[in-house]
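Right, one structure below, let's go through it.
The values are calculated or read from the model by the stated rules, or taken from the named source; none is laboratory data. The shown structure was predicted, so the numbers you read here are calculated from the model rather than taken from an experiment. Note that each Cβ is placed from the backbone with ideal geometry, even for glycine, and that neighbours are counted across all protein chains shown. Just the protein is used for accessible areas: all its heavy atoms, side chains included, with ligands, DNA and RNA removed. Shrake-Rupley method; radii C 1.70, N 1.55, O 1.52, S 1.80 Å.
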Amino acid sequence: MKIRHAALAACLLGVVLTACGSGESGDSGPVKLTFQSLSDQPGAIEQTKKTVDEWNRTHPDTQVEIVQAGWDGVYDKLITQFNAGSAPDVIHYEAAGIVPFAKDGYVADLTPYLPEAKRADVTKGVLDSVTVDGQVIAYPTEVQSYVVFANKALLQQAGVTIPTGPTMTWDQLREIAKATTKDGKFGLGWGLSSPTASFVAMAPAFGGKYFEGTGDAMSVSIGEGEMALPQLVNAMAYEDKSILPVTLTQSGTKALAPFYGGQVAMTIQGSYQAANIAKDAPQGFDWAVLPPLAGPAGPAQASSAQTLSVNKDSAHVEQAAAFIDFFTSTENLAAINEADGLIPPTNSAREALAAKVGTKNGWDVILSSGQHLTSAPYVFADKYAQWKDTVATPAYQQFLAQKIDAAGLASQLRDGWQNISR
Amino acid sequence: MRALVRPAQYLALALYILFLGFPLLWLISASVKSSGELNSLTVSLLPEQWHWQNYSEALDRQGLVRSAGNSLGVALASTALVILIALPASYVLARLKGKVRLAGIGWILVSQVFPVVLIILPLFLILRTLGLTDSLVGLTLVHTTYMLPFALWMLQGYVAAIPVELEEAGAMDGATRLRVLRTIVFPLLAPGVVATAMFSFVSSWNEFFFALVLLQSPENYTLPITLNMFIGGEGKVSLGPLAAGAVLAAIPSIVFFTLLRRRLTGGLMAGAVKG
């Protein structure tokens, strides 16, 4: 994939100068904005349409048209659109994806259009992840955290008191997993076929950052904080034998099957899976979301938010920013996150959603986990995607299969970054 | 012992067909399972409950029928254009001697070297100048351009396999050049044309990347783009509706192959007898 991107970048150098077309008609009449949306769930698609319809009804001078696109291949689509001068006015993407475009100067600075009250409303860590060189380059719309889903019956059968309270510790999780591992059942199922995203996101609870510095000077840091979680998983899998081994090689979604089948007592998943569990779990399956996990450094998790940005070449940056401001109002954010099963990045929208959904499907715990989301240094590491795919994921897989030890893992993660950063 | 040979052959054939068809059977099975069953530990080919809603969801949700119509139009048009251009060109390429032929062959080979990601931006810019981005006509032209070299390569091989002596014999009997082509060359070339058409149709029907980048409006999306939208961020996949959509998407290809299959085998036999 990276080779393709490099090839495309090389090609762009030769033709980018010819890409400067006018494209603007200068017609009278209402301003027309295109909004490339990546919403993928039926409810979210419907909610997006509702919000846009409401905007169009109340803003006759600025009409927004939704261009529905898919997540897969959107990077290639955007890079071509940006370079050919035909990118949509409003762009839906994730922070980790849009930051490189912002660094390359394709995305407008939205700081002047971001009211102070709104800035204060956004979870600080999430706002940091969309701030490049002091400029806010996107409004966050949805975030996810990793949470523990538990089969309440299996926990009760094992005599475990189901944790409550604002957080639970990783040590508690380990103890519960050990206690519920019996009679052919395992305490935990964790789909770790692509473990990097989970490990990097959950490292802040152990004081891990993975990346330090800025721009080209960004370096990878593999210390105790970064190694703690992989080592804990390794210990649970091979010392405690409390993780169902097959799940270590499965995707997150695949690891739900043994959870539904009563083969594992708990599973760690993206918070959005709550909606799927509510829909797909067998009838009578009694489940709960356990409190957010906390490590020695607290319950923090890093998250790459879904975002809305404005194309810098748009002839109507101000109107596009106004539309985004409308789209990210408390009411609209609560509605879109409810439809997508995700967490609003603003305090007010989380409160509004919490008031609406209450404790149903673990929403209360999931929403409370949103306040612990912190900035994600990997969002600003230009080579993160390449490092993740070619270095980190294979190294973690070898480690979880006990092909290499902790020292070998650390050195692969470190040396791999240095190799691709040369 | 001899009596067992035939049943054993049939058994082997049946197993082979089952092996080849299993992914399709599994796809059909997945298309009528609920998401709960698709995510359960119990694995079965037959669903516990037939969940036809996947089909209605696939059809309702993403404008699948419209996309199928777009794909069909683009695939048929680009296949026709490819054959129309490649047929005479391949004859010239196969029969011509000298540097022009070598240059032609070289161009075909070189054109296959570039990855699509390298040519998409220049293509995008050209089509934008022509006002053909986000247009099915533009996509048809791109598919034609992209498939033409391989189609030429395929067809010129078929032409080269026809003995030139047959054409000479026709000429000796007083047939004009056009008549030789019409009555001798083209009938023998029919299986090659059919095979090339099949290749072109399937290539265009399945093509994803050009369509992804060139098409902007959902009403212009082709089937691969629409099916891709069943796959969301964070690994979310609407598996049941996606499988249902994939089953529906396979139907036009199967119909096209069924229609052309007779021509393919008929042509092959004709070639065998005359050759």
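Overview of values
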| read-out | value |
| --- | --- |
| Principal-axis tilt of helix B:186-206 within chain B, Cα atoms, nearest 10 degrees | 30 degrees |
| Signed unit charges on C-beta, dipole axis of the protein assembly as shown, positive-most listed residue B:Thr226, A:Leu154, A:Ile324 | B:Thr226 |
| Cβ-placed point charges (K, R +1; D, E -1), dipole of the protein assembly as shown about Cα centre in debye, nearest 20 | 2820 debye |
| Accessible area (Å², per residue) of segment B:1-125, counting only protein heavy atoms and a probe of 1.4 Å | 63 Å² |
| C-alpha long axis of helix A:317-327 to longest principal axis of chain A, angle in ° | 40 degrees |
| Accessible area (Å², per residue) of segment A:284-422, counting only protein heavy atoms and a probe of 1.4 Å | 39 Å² |
| Translational diffusion of segment B:4-140, µm² s⁻¹ [Kirkwood Rh, Cα pairs; Stokes-Einstein; 25 °C; 0.890 mPa s] | 118 µm²/s |
| Signed unit charges on C-beta, dipole axis of segment A:239-388, positive-most listed residue A:Pro296, A:Ala334, A:Thr247 | A:Thr247 |
| Rounded Å value of the spacing that divides the Cα centres of segment B:101-173 and segment A:312-328 | 44 Å |
| Interface area, A with B, accessible, probe 1.4 Å, both sides summed, Å² nearest 100 | 3200 Å² |
| Rounded to whole Å, sorted largest first: equivalent-ellipsoid semi-axes of the protein assembly as shown, Cα gyration tensor | 50, 34, 25 |
| In degrees, nearest ten, helix B:136-161 long axis to first principal axis of chain B (Cα) | 50 degrees |
| Selection of chymotrypsin sites (Phe, Trp or Tyr not before Pro), segment B:1-88, meeting DSSP coil and at most 13 other Cβ within 10 Å | B:Trp50, B:Trp52 |
| Percentage of interatomic Cα-Cα distances in chain B larger than 32 Å | 43 percent |
| Average partner coverage of A:123-134, which counts Cβ from other chains inside 10 Å | 0 |
| Among B:Val32, B:Leu93, B:Leu130 - extreme Cα towards positive end, dipole of the protein assembly as shown, charges at beta-carbon | B:Leu93 |
| Within chain B: Cβ-based charge dipole about Cα centre, in debye rounded to nearest 20 (Lys, Arg +1; Asp, Glu -1) | 940 debye |
| Relative contact order (percent, whole number), chain B, Cα cutoff 8 Å, 6+ residue spacing | 30 percent |
| Relative compactness, segment A:68-185, computed as alpha-carbon Rg over 2.2 N^0.38 Å | 1.61 |
| Å² per residue, accessible surface of segment A:41-188 at 1.4 Å | 40 Å² |
| Qualifying lysines (Cα of each under 16 Å from Cα of A:Lys182; at least 8 residues distant if same chain) | A:Lys152, A:Lys241 |
| Whole-angstrom gap from segment A:56-95 to segment A:101-162, using each part's C-alpha centre | 21 Å |
| Cleavage-rule hits (trypsin sites (Lys or Arg not before Pro)) in segment B:79-161: DSSP loop, at most 11 neighbouring Cβ within 10 angstrom | B:Lys97 |
| Rounded FRET efficiency, nearest 0.05, which uses the C-beta distance separating B:Ala3 from A:Ile162 and R0 of 56 Å | 0.25 |
| Cβ neighbours within 10 Å from other chains - mean over A:78-90 | 3 |
| Per-peptide average of other Cβ atoms within 10 Å, ordering B:213-223, A:104-114 highest first | B:213-223, A:104-114 |
| Partner chain coverage, peptide B:118-124 - average Cβ within 10 angstrom | 6 |
| Residues in segment B:220-250 occluded by at least 20 Å² - accessible area, probe radius 1.4 Å, against chain by itself | B:Tyr221, B:Asn228, B:Met229, B:Ile231, B:Gly232, B:Gly233, B:Glu234, B:Lys236 |
| Violating pairs (Cα-Cα greater than 18 angstrom) within the set A:Lys209/A:Lys383; A:Lys279/B:Lys236; A:Lys50/A:Lys77 | A:Lys50/A:Lys77 |
| Accessible-area composition of the protein assembly as shown, carbon plus sulfur, in percent [1.4 Å probe] | 60 percent |
| Total charge dipole magnitude, segment A:247-377, about the Cα centre, Cβ charges on Lys, Arg, Asp, Glu only, Debye to nearest 20 | 340 debye |
